[in-house]
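Heads up: the structure comes next, in structure tokens.
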Amino acid sequence: MLNECNHSIVSSFLEPGELGDTVRARTSVNVVSLDHFMEANSIARIDILKIDAQGFELEVFKGAASMMEQHRIGMIFFEMTISGLYENLPPYYELLRFLDERGFVMASLYDPHYTEERRYKTEIVRWTNMLYIDKSYFEAYHSI
């Protein structure tokens, strides 16, 4: 079920967390893995995959695992939610480990978003954008 929130940019398959938005509707949607979509549509490779799945990125990664392991995805640019916005959000290190285990390395971080954390009396990162690159793609690109 897709949780459609008052602010559509935070709608997610995950339930809102402590800092999340109010759900206004729940909608059943069909989901297909990237592995299946690429095979069904005869897509040989993706140079850059952009993902913004509002906390559901690990599931998207799992659905692209075969393509990643076959080095058919060169780069992945994604928004990584770190805390507070969704219930049952996988820890950020699980996403990074998943990519690392499939030969991807972090190329850069972009535009971190901070919010105040009253318990610690400081601001902490809630989400950021990340660029990961497949090591073999990077080596091929740099050998040109």
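Since every read-out is calculated from the coordinates, none of them should be taken as a lab result. Predicted model only: the values in this text are computed from it and were never measured. Neighbour counts are summed over all protein chains in view; Cβ atoms, including those assigned to glycine, are modelled from backbone coordinates with ideal geometry.
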Legend entry - Flag for Glu94 being in contact with a Leu (Cβ under 8 Å, 6 or more places away or on another chain) and under 21 Å from Met1 (Cβ atoms): no
Inset, instruction - Would you point out the residue of region 93-118, among those that are of a type in the set (Asp, Glu) and in a strand (DSSP E or B), that is surrounded by the fewest Cβ atoms within 10 Å (Cβ to Cβ)? - result: Asp111
Inset, instruction - Please name all residue pairs, on different chains or six or more residues apart, with Cβ atoms under 7 Å, provided the first residue is in region 108-132 and is closer than 21 Å to Pro16 by Cβ and the second residue is among the small types (Gly, Ala, Ser). - result: Arg126/Ser83; Arg126/Gly84
Inset, instruction - For residues that are in contact (Cβ under 8 Å) with a residue 60 or more places away in the chain and crowded, with 18+ Cβ neighbours inside 10 Å, scanning just region 65-92, find the one that is farthest from Leu34 (Cα to Cα). - result: Leu85
Legend entry - Residue satisfying condition, being touching a Leu at 6+ places or on another chain (Cβ under 9 Å), of a type in the set (Gly, Ala, Ser) and under 25 Å from Phe138 (Cβ atoms), within set Ala44, Ala64, Ala25: Ala64
Legend entry - Positions within region 33-64 being assigned to a loop (DSSP other than H, G, I, E, B), of a type outside the set (S, T, N, Q) and in contact (Cβ under 8 Å) with a residue 12 or more places away in the chain, in sequence order: Ala44, Arg45, Asp52, Ala53, Gly55, Phe56, Gly63, Ala64
Inset, instruction - Quick one: count up the residues across region 68-90 that are of a type outside the set (Gly, Ala, Ser) and closer than 17 Å to Leu131 by Cα. - result: 12
